[in-house]
Amino acid sequence: MSFHMHLRAVDHAAVRSDHAWLEEFMGAAWDWDVRRAEHDAGVSTSVQKDFGSLHEFYEAAGRLSEGPDSRWELPVFGGEIVHHGPADEKPPFVRLAPDATRCAAAFLADFPFDAAWDSAGPALRAAFGPGWAEEDVRGIYAQHHTGLTAFYGRTATAGKAVVKAFWY
């Protein structure tokens, strides 16, 4: 089974707060050829299976900051949640307006990766099991962080919104 968080940069005015529309919009972009083209163009990205623990990693940095700072929530799960319906178990979609996208980009640009790794790395590595070397697990998180930092930075600079889909 595969788990993915899929992010797409979009014009804010074009995004509807309707689950059926978002499902069609994001589903069409999950097609391999479309996804590859959008990824190459820098207008989409995805994180396979590690997005929940990546959220926890960013939370560790939020605990390191002085004062209340909830920007750590934005890159993965933060934003306006669009549910399908009360009885449906499909994952929701999440929308980030351009101002929230800028906040996420700023958080990621300022993210203290080494300090956060020192704080949260041991628990993240433990979740991978004893066969994983620390530098390999750290490299996975560094790659995810670098990819999200680049995506959010480009998206914020372009004044775009972000739509997130969680595919299971």
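Quick check on the stretch 84-97: of everything there that is closer than 19 Å to Ser46 by Cα and of a type outside the set (Phe, Trp, Tyr), which residue is surrounded by the fewest Cβ atoms within 10 Å (Cβ to Cβ)?
Pass one, the stretch 84-97, residues closer than 19 Å to Ser46 by Cα: 90-97.
Checking which are of a type outside the set (Phe, Trp, Tyr) leaves us with 90-92, 94-97.
Working: Lys90: 12, Pro91: 16, Pro92: 18, Val94: 21, Arg95: 21, Leu96: 28, Ala97: 15.
Filtering the stretch 84-97 for residues that are closer than 19 Å to Ser46 by Cα and of a type outside the set (Phe, Trp, Tyr), the one surrounded by the fewest Cβ atoms within 10 Å (Cβ to Cβ) comes out as Lys90.
Of the residues Leu124, Leu96, only one is under 30 Å from His19 (Cα atoms) and of a type in the set (A, V, I, L, M, F, W, C); which?
On the way: Leu124 fails: under 30 Å from His19 (Cα atoms).
Answer to the selection: Leu96.
Among the residues that make up the stretch 110-117, is at least one of them more than 18 Å from the chain's Cα centre (by Cα), acidic (Asp, Glu) and in a helix (DSSP H, G or I)?
Checked against the condition, which is being more than 18 Å from the chain's Cα centre (by Cα), acidic (Asp, Glu) and in a helix (DSSP H, G or I), the stretch 110-117 yields at least one hit.
Does Glu73 satisfy the criteria of being surrounded by 12 or more Cβ atoms within 10 Å (Cβ to Cβ) and touching a residue at least 24 places away in the same chain (Cβ under 8 Å)?
Working: surrounded by 12 or more Cβ atoms within 10 Å (Cβ to Cβ): yes; touching a residue at least 24 places away in the same chain (Cβ under 8 Å): no.
Answer is no for this residue.
Would you mind telling me which numbered condition in (1) hydroxyl-bearing (Ser, Thr, Tyr); (2) assigned to a loop (DSSP other than H, G, I, E, B); (3) surrounded by 15 or more Cβ atoms within 10 Å (Cβ to Cβ) Tyr58 fails?
Single failed check for Tyr58: (2).
Any residue in the stretch 37-61 that's at positive phi: show its pairings with residues that are surrounded by fewer than 19 Cβ atoms within 10 Å (Cβ to Cβ) at Cβ separation under 9 Å, as long as the two are six or more apart or on different chains.
From the stretch 37-61, the pairs are Gly42/Ala150; Gly42/Arg154; Lys49/Ser2; Lys49/Phe3; Lys49/His4.
Looking at Ala116, Ala104, Ala156, Ala100, which one is among the aliphatic types (A, V, I, L, M), surrounded by 15 or more Cβ atoms within 10 Å (Cβ to Cβ) and in contact with a strand residue (DSSP E or B) (Cβ under 7 Å, 6 or more places away or on another chain)?
Ala104
Taking the stretch 34-54 as the region of interest, how many residues are farther than 13 Å from Leu7 by Cα and outside any helix (DSSP H, G or I)?
The qualifying residues number 2.
Determine whether Pro130 is in a loop (DSSP other than H, G, I, E, B) and crowded, with 21+ Cβ neighbours inside 10 Å. Give the derivation first.
On the way: in a loop (DSSP other than H, G, I, E, B): yes; crowded, with 21+ Cβ neighbours inside 10 Å: no.
Criteria not met by Pro130.
Out of the residues in the stretch 89-107 that are part of a loop (DSSP other than H, G, I, E, B) and of a type outside the set (D, E, K, R), which is farthest from Glu73 (Cα to Cα)? Lay out the reasoning, then the answer.
Residues of the stretch 89-107 part of a loop (DSSP other than H, G, I, E, B): 89-92, 97.
Of the ones still in play, those that are also of a type outside the set (D, E, K, R) are 91-92, 97.
Details: Pro91: 18, Pro92: 16, Ala97: 14 Å.
The qualifying residue farthest from Glu73 (Cα to Cα) is Pro91.
Output yes when any residue across the stretch 39-54 is of a type outside the set (S, T, N, Q), in contact with a strand residue (DSSP E or B) (Cβ under 7 Å, 6 or more places away or on another chain), modelled with pLDDT of 90 or more and surrounded by fewer than 18 Cβ atoms within 10 Å (Cβ to Cβ), and no when none is.
Applying the first criterion (of a type outside the set (S, T, N, Q)) to the stretch 39-54 yields 39-43, 47, 49-52, 54.
With the extra rule that they be in contact with a strand residue (DSSP E or B) (Cβ under 7 Å, 6 or more places away or on another chain), the set shrinks to 39, 43, 47, 51, 54.
After this cut, where a residue has to be modelled with pLDDT of 90 or more as well, the list is 39, 43, 47, 51, 54.
Applying the additional criterion that residues be surrounded by fewer than 18 Cβ atoms within 10 Å (Cβ to Cβ) yields 39.
Among the residues of the stretch 39-54, at least one is of a type outside the set (S, T, N, Q), in contact with a strand residue (DSSP E or B) (Cβ under 7 Å, 6 or more places away or on another chain), modelled with pLDDT of 90 or more and surrounded by fewer than 18 Cβ atoms within 10 Å (Cβ to Cβ), which makes the answer yes.
The values are calculated or read from the model by the stated rules, or taken from the named source; none is laboratory data. The structure displayed is predicted, hence computed values, not measured ones. Cβ atoms come from the backbone with ideal geometry, glycine included; neighbour counts cover every protein chain shown.
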